[in-house]
Amino acid sequence: MLFRRRIKPTRIERLRIAVWPRKGWLRSSRYYSKRVLRLTATPHAIAIGFAAGTFASFTPLIGFHFLIAFGLAYLVRGNLIASALGTSIGNPLTFPFIWAATYEIGSWVLHSEPAASTHQVHAQFQARLLTKSIDALLPMLKPMLVGAIPLGLIVATVSYFVVLKSVEVYQLRRRMTLAKRRRATPNSGNDTPGTAGD
């Protein structure tokens, strides 16, 4: 490929980039926000698609977030690309907090005795995930799935309104800028000197 790196990154370097991007999280978040704002769709379609991706990222079903986001976005007629970008809410920095919160809420809803303490949820869930055993995962997976629904709905609703207003403002400013450029640019068809009737 034309822009392929000459030195292939090691596994440790790829893991470090996943946890902490080369240019930092602030620049990455700006990049994703600009990608969302520049999508060509109605503000509602973009916002509802992003909200679908946000909701999907709260589920503990790692590896299926994109599929869940696409399915939800399709059902609510949201933008599919925005739904994919919405899953960026779930990342290595936020997963420990998301999993701990969903587990705590799920355990409270189900009135079940917690299988792990709140500060150990992330480590234990990862350890059980690596065993690839449903029996080992089920005691933690069930409360996390139940807790993901109310928490995911709250965060998705907030993100919907934030993205909706942001896209509306961005698209309005863009239309005004394009209109100013059209007015500033003279019409070449009317200003051509020396017509046949002169």
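The values are calculated or read from the model by the stated rules, or taken from the named source; none is laboratory data. This structure is a prediction, so every number in the text was calculated from the model and none was measured. All Cβ positions, glycine included, derive from the backbone under ideal geometry; neighbour counts span all protein chains shown. Keep in mind that these areas ignore ligands, DNA and RNA; they rest on the heavy atoms of the full protein, side chains included. Shrake-Rupley method; radii C 1.70, N 1.55, O 1.52, S 1.80 Å.
Placing R0 at 45 angstrom, the Cβ-Cβ distance between His111 and Lys165 gives a FRET efficiency of 0.70 after rounding to 0.05. Solvent exposure of segment 29-100 amounts to 51 Å² per residue of accessible area, where only protein heavy atoms count and the probe is 1.4 Å.
Could you order the peptides 37-49, 156-168 from most to least packed, using the average number of other C-beta atoms within 10 Å per residue? Please list the in-between numbers first.
Numbers: 37-49: 19.6, 156-168: 17.2.
With the highest mean Cβ count within 10 Å placed first, the list reads 37-49, 156-168.
Tell me, how many Å apart are the Cα centres for segment 151-172 and for segment 74-115? Cα centroid of segment 151-172 versus Cα centroid of segment 74-115: 17 Å apart.
Measuring r between the beta carbons of Arg181 and Thr157 and using R0 = 41 Å, the FRET efficiency lands at 0.65.
Contour minus end-to-end for Arg35 and Leu67, with contour as 0.36 nm per residue of separation and end-to-end as the Cα-Cα distance?
Working: separation 32, 0.36 × 32 = 11.52 nm, distance 1.99 nm.
My answer for the length gained is 9.5 nm.
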